[in-house]
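> Just dropping this structure here.
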Protein chains: 2
Amino acid sequence: MDKKPTTAPKGRQQPRVKIEDVARKANVSPATVSRVLNHPEIVRPELRDRVMRHIADLSYTRDSAARALKSGRMRTIGIIVPTLALGIFAEGVEALQNRLSESGYTLFIANSQYDQRRELQELQSLIERGIDGIVLVGGSHERELRALIEQAAVPVITTYVSKAVGGIPAIGIDNESATREMTDYLRRLGHVHFGAIANVVPASNDRSRARLDGIQRALSEAGIPLKPTQIIKADYSLAQGRSALRQLLNDHPDTTAVICTTDTLAIGAMAEARKMGLAVPGSLSITGFDDIELAAQMDPPLTTISVPAAEIGRGAADYLINAISGSPVPKSVLLPYRLVMRASTAPPRPGERPVRRQQARDQ
Amino acid sequence: MDKKPTTAPKGRQQPRVKIEDVARKANVSPATVSRVLNHPEIVRPELRDRVMRHIADLSYTRDSAARALKSGRMRTIGIIVPTLALGIFAEGVEALQNRLSESGYTLFIANSQYDQRRELQELQSLIERGIDGIVLVGGSHERELRALIEQAAVPVITTYVSKAVGGIPAIGIDNESATREMTDYLRRLGHVHFGAIANVVPASNDRSRARLDGIQRALSEAGIPLKPTQIIKADYSLAQGRSALRQLLNDHPDTTAVICTTDTLAIGAMAEARKMGLAVPGSLSITGFDDIELAAQMDPPLTTISVPAAEIGRGAADYLINAISGSPVPKSVLLPYRLVMRASTAPPRPGERPVRRQQARDQ
DNA sequence: TTGTAAGCGTTATCAC
DNA sequence: GTGATAACGCTTACAA
């Protein structure tokens, strides 16, 4: 490790060039320079050009702190994600940032590690920074959060869910409806013996909760409600997908379809199935959620729900930019998901599994 | 899509509570309130408590723009990553953010999409925002970048590489040495027929370039230099890992070891090998780089290089915090990587290959 | 059309 | 130990 210590360059040593310097060089008043920058159309073209030249010459840039102080606007948005480790959030953040950048906004990022207490602290810190808008994930938050946001009078939007909760507008998909649809699809394939693997740890993850609800309701309505032991609770790691499948099949060897609330869990489940010598989808259908890049590349490719993360990010940016400028904004934005049927699902094959199926589907 | 438009709440409508309000309520001068906040130890305890109570009562928070204007410090760091889609960057960013948050700093995030021109623009925007420090990735940048940074007199550090380039200190691993070690390891296993799959698209990716260099140099020194057709250039997608392996084996059917500069490429290569009926590691050894979560979960688990992304992020934070405060900082920080030997590598089995290959093709 | 000048909210430097 | 006061760099009435 190269540790030769040198003294760091201390902050701005050369005093920053300011508007007054430009004004002096251009022989105009600071106000004119400011106008050239902010309302070029009201400055005489000839003068404007001269000023602009000097601005470029001195490579002058405005001090954003001073601007913010004067205008009350930071041109800054904050986002708090549970974690960046999940590609789905990373993708949304990236899209958000790109769109904001186009509009001259900059993005503060913070992460809560799925800890609502910490989310509140980060929000506090963001608000103190004077952000003009805030992006959250999901609808499950600490009590104080709403008061904090209201007091700061900062526009807010929550993402990856579709229903406004507690007055906070949302942009995202209907998670419950998505897993309902997935469940129905599997039912139509002929499956009767289901299992669910859900990343409902921690409990604050309301997206996964909704996904699990969708599965449970669809099956209840179909008259084959899930028993508690048919629901394996996990976090979002691949390893837990593995152990969850093992546990599920241990308790319910007749399972023919496993619905996971996350691709990562599904991929773990697939890996375990392979290890157990179970053919997918021959002996066991497995489904995921999110449609991460890897899903399509699995062997077999994973049937899953595609979540429009980039659109969510862009939409959140647009929402906030409009809200800040006082433009009309929707109460919430429901984005479509897509059920992507690939090769990890198929009709169950009666007879081939330990347990008899009265299934009528042909192969 | 729920589109009922409502009028957005416009910016701060209630005037923000300021230091003067607290001062009036507490019957002290604004200066005292400021001191309570910034140097509590020099204020009479009794007075201090009273002021603090009123601060809490009004839930007063300091205006960061005004503070920044006065102090010249924004307590803000910026980072520009090529993309957030790569887990390795997301992990580093998260660690960076966590450490900064502990120290009262907030992180601006921007992404360049591997476009150096865009990196420069984002940097410009960050500097205008008055950031106190900047984190970059890699050592390959636009010409103007250095001048910009120097002029702004902002401490900077580049990450995921270990050598300071052009006066910009670095924190990360020695990528070239890592692949060298990987290559040597495979050589010791007995491999002679190598192939490399490198994500050297786009060319600005100097980390991958260094990784490829490591492979090439190690093999040159061993007297078995790689032919151009033994090097497949790719981007960083799994799909390209697949096609790269196919092309490689097409041109060089006798290949027994494939070194990839990225886990994702390696996983793609493994998937393709399986599809071609090639046993890994029996017929073909495959290695990755990064040690993403999935690597250990593959079947077989992937031999790879573990990159300490979280340490890089934390280290970058510490570096900048020290640099900003004028504390001594190292010229660069070389972090150790780890060669993680798992089951995707084994000694070559001469003679067994050609036959299998044919069988695989015919299927 | 351009210049003058008054703040924006905070903190540091002075007096007291 | 505490209070008045003067910046920090910019924008915008208002005046010219």
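The values are calculated or read from the model by the stated rules, or taken from the named source; none is laboratory data. A quick note: this is a predicted structure, and the numbers were derived from the prediction, not measured. Note that each Cβ is placed from the backbone with ideal geometry, even for glycine, and that neighbours are counted across all protein chains shown.
> Consider B:ILE312 carefully, then state whether it is at pLDDT below 95 and of a type in the set (Val, Ile, Thr).
For B:ILE312, the condition - at pLDDT below 95 and of a type in the set (Val, Ile, Thr) - is not met.
> Please state which of the following conditions B:ALA323 fails to meet, knowing it meets all the rest: (1) more than 8 Å from chain A (Cβ to nearest Cβ); (2) over 21 Å from B:ASN175 (Cβ atoms); (3) out of contact with any helix residue (DSSP H, G or I) (no Cβ under 7 Å at 6 or more places or on another chain).
If we test B:ALA323 against (1) more than 8 Å from chain A (Cβ to nearest Cβ); (2) over 21 Å from B:ASN175 (Cβ atoms); (3) out of contact with any helix residue (DSSP H, G or I) (no Cβ under 7 Å at 6 or more places or on another chain), just (1) comes out false.
> Could you list, ordered by first residue, the pairs with Cβ atoms under 9 Å in which the first is in the range A:39-51 and more than 14 Å from chain B (Cβ to nearest Cβ) and the second is within 12 Å of DNA strand D (Cβ to nearest atom) and not in a helix (DSSP H, G or I), at least 6 apart or interchain?
Within 9 Å, the pairs are A:LEU47/A:VAL28; A:ARG50/A:VAL28; A:VAL51/A:VAL28; A:VAL51/A:VAL43.
> Right, next: Of these, B:ILE55, B:ILE77, B:ILE19, B:ILE88, which one is closer than 24 Å to A:GLU150 by Cβ and away from DNA strand D (no atom under 12 Å from the Cβ)?
So the residue among B:ILE55, B:ILE77, B:ILE19, B:ILE88 that is closer than 24 Å to A:GLU150 by Cβ and away from DNA strand D (no atom under 12 Å from the Cβ) is B:ILE55.
> B:LEU145 is checked against (1) closer than 25 Å to B:GLY87 by Cβ; (2) not assigned by TED's automatic domain parsing to the domain that holds B:ILE215 and fails just one. What number does that condition carry?
(1) is the only condition that B:LEU145 fails.
> Which of the residues belonging to the range A:99-118 are touching a helix residue (DSSP H, G or I) at 6+ places or on another chain (Cβ under 6 Å) and either away from every other protein chain (no Cβ under 13 Å) or over 19 Å from B:GLU94 (Cβ atoms) (or both)?
Hits for the range A:99-118 are A:ARG99, A:LEU100, A:SER103.
> Now a separate question. If a residue has to be within 11 Å of chain B (Cβ to nearest Cβ) and not small (Gly, Ala, Ser) to count, how many in the range A:264-298 make the cut?
11
> Moving on. Considering only strands (runs of 3 or more DSSP E) fully contained in the range B:218-303, which possess at least 1 residues that are touching a residue at least 60 places away in the same chain (Cβ under 8 Å)? It would help to see each step written out before you state the result.
Working: elements: B:231-233, B:257-260, B:285-287.
The qualifying strands (runs of 3 or more DSSP E) are B:257-260, B:285-287.
> What's the number of the condition A:ARG75 fails, among (1) within 9 Å of another protein chain (Cβ to nearest Cβ); (2) surrounded by fewer than 18 Cβ atoms within 10 Å (Cβ to Cβ)?
All conditions pass for A:ARG75, except number (2).
> Here's another thing I want to ask about it. Against the definition (within 16 Å of DNA strand C (Cβ to nearest atom) and buried (at least 23 other Cβ atoms within 10 Å of the Cβ)), how does A:GLY138 come out, yes or no?
Taking the combined requirement at face value, the residue does not satisfy it.
> OK, next. So which of A:LEU96, A:LEU86 ends up being touching a Lys or Arg at 6+ places or on another chain (Cβ under 9 Å) and more than 7 Å from chain B (Cβ to nearest Cβ)?
Checking each option against the conditions leaves just A:LEU96.
> For the range B:239-263, how many residues are within 12 Å of chain A (Cβ to nearest Cβ) and crowded, with 24+ Cβ neighbours inside 10 Å?
Residues meeting the conditions: 2.
> Give just the number: which of (1) surrounded by 20 or more Cβ atoms within 10 Å (Cβ to Cβ); (2) farther than 30 Å from B:GLU221 by Cβ does B:GLN113 not satisfy?
That leaves (1) as the condition not met.
> Now a separate question. Name the single residue that is nearest to the chain's Cα centre (by Cα) among those in the range B:163-178 being modelled with pLDDT under 95 and not hydrophobic (A, V, I, L, M, F, W, C).
Among those that are modelled with pLDDT under 95 and not hydrophobic (A, V, I, L, M, F, W, C), it is B:LYS163.
> In addition: For the range B:31-50, enumerate the residues that are among the aliphatic types (A, V, I, L, M) and touching a Pro at 6+ places or on another chain (Cβ under 7 Å).
The first filter runs over the range B:31-50 and keeps only residues among the aliphatic types (A, V, I, L, M), leaving B:31, B:33, B:36-37, B:42-43, B:47.
Answer for the range B:31-50, where residues must be among the aliphatic types (A, V, I, L, M) and touching a Pro at 6+ places or on another chain (Cβ under 7 Å): there is none.
> Go through the range A:204-225 and report how many residues are farther than 30 Å from A:SER112 by Cβ and of a type outside the set (Gly, Ala, Ser).
Initially, the range A:204-225 is screened for residues farther than 30 Å from A:SER112 by Cβ, giving A:218-225.
After this cut, where a residue has to be of a type outside the set (Gly, Ala, Ser) as well, the list is A:219, A:221, A:224-225.
Of the residues in the range A:204-225, 4 are farther than 30 Å from A:SER112 by Cβ and of a type outside the set (Gly, Ala, Ser).
Residue-wise test of (1) in contact with a Leu (Cβ under 9 Å, 6 or more places away or on another chain); (2) of a type in the set (A, V, I, L, M, F, W, C); (3) at pLDDT 95 or above.
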| residue | (1), (2), (3) |
| --- | --- |
| B:LEU248 | no, yes, yes |
| B:ASP251 | no, no, yes |
| B:THR256 | yes, no, yes |
| B:ALA273 | yes, yes, yes |
| B:SER283 | no, no, yes |
| B:GLY288 | yes, no, yes |
| B:ASP291 | yes, no, yes |
| B:SER325 | no, no, no |
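> In the range B:119-149, how many residues are without any contact (Cβ under 8 Å) to a residue 12 or more places away in the chain and more than 9 Å from chain A (Cβ to nearest Cβ)?
2
> Can you tell me which of (1) surrounded by 22 or more Cβ atoms within 10 Å (Cβ to Cβ); (2) closer than 25 Å to B:SER112 by Cβ; (3) touching a strand residue (DSSP E or B) at 6+ places or on another chain (Cβ under 8 Å) is the one A:ALA90 doesn't meet?
Going through the list (1) surrounded by 22 or more Cβ atoms within 10 Å (Cβ to Cβ); (2) closer than 25 Å to B:SER112 by Cβ; (3) touching a strand residue (DSSP E or B) at 6+ places or on another chain (Cβ under 8 Å), A:ALA90 breaks only (3).
> Looking at the structure I just gave you, is B:PRO347 part of a loop (DSSP other than H, G, I, E, B), within 26 Å of B:ASN250 (Cβ to Cβ) and modelled with pLDDT under 95?
Working: part of a loop (DSSP other than H, G, I, E, B): yes; within 26 Å of B:ASN250 (Cβ to Cβ): yes; modelled with pLDDT under 95: no.
Spelling it out, it is not the case that B:PRO347 is part of a loop (DSSP other than H, G, I, E, B), within 26 Å of B:ASN250 (Cβ to Cβ) and modelled with pLDDT under 95.
> Something else now. Can you tell me which residue within the range A:58-72, out of those that are more than 13 Å from DNA strand C (Cβ to nearest atom) and within 8 Å of another protein chain (Cβ to nearest Cβ), is surrounded by the fewest Cβ atoms within 10 Å (Cβ to Cβ)?
Here the answer is A:SER59.
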